[in-house]
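Below is one structure, written out as structure tokens; the observations come after it.
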Amino acid sequence: MVVSIHQLDDGAWLSVNDSRSVPVSELWLLARHDFCDCEPADFLAEGFVEVGVDWPDVEGRIAGQCVQCGASGVTGWLALGRVERESEEFHRVDPSSVHVPERRTRLATPSE
Ligand SMILES: [Zn+2]
């Protein structure tokens, strides 16, 4: 199974299998995060910093800012979508549902 994950245009897009799948400039609702003191935080995504696969989840760390308090920085790892095992189709998550960033030390390696 080969899934190709990239960021394009200086982090403006997450590309999955060579199609632009998730844009930035969207509001993500973050809960149980350490990005700022808002709970939950309305986080405006400005750019993908790192992307990777924790099979079957496609994950990324996103730079941006909290629209409530103005804090800016980079999130922990967020699930951006998942790849269907059978069809290999990518289904993105809904940014406006609640997302809990993961703090983790190991790096996800995109399989290419
Ligand atoms: Zn905040």
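Every number in this text was worked out from the coordinates using simple rules, so none of it is lab data. From a predicted model like this one, the values you see are computed outputs, not experimental measurements. We place every Cβ from the backbone using ideal geometry, glycine too, and count neighbours over all the protein chains shown.
Some observations on this one:
- Take 28-36, 84-92 and order them by the average number of nearby Cβ atoms within 10 Å per residue, most first; the result is 28-36, 84-92.
- Under 5 Å from the amide H of Glu26 lie the amide H atoms of Ala45, each residue being 5 or more positions distant or on a separate chain, with H modelled from the backbone and absent for Pro and chain starts.
- Sequence-distant residues sharing a close amide H with Gln68 (under 5 Å, placed H): Asp42
- Backbone HN-Hα couplings from phi across region 26-35 [Karplus 6.51/-1.76/1.60, Hz, Gly and Pro as x]: 10, 8, 10, 9, 9, 10, 6, 10, 10, 6
- For the chain, the alpha carbon positions stretch 42, 25, 24 Å along the principal axes, listed from largest to smallest.
- Table column - 3J(HN,Hα) (Hz), region 2-12, Karplus curve with 6.51, -1.76, 1.60, x for Gly and Pro: 10, 10, 9, 10, 9, 10, 10, 6, 6, x, 6
- Sites Val2 and Ser25 - FRET efficiency at Förster radius 25 Å, r taken between beta-carbons, to 0.05: 0.30
- Rounded to whole Hz, the Karplus (6.51, -1.76, 1.60) HN-Hα couplings of region 40-48, x for glycine and proline: x, 9, 8, 9, 8, 6, 10, x, 7
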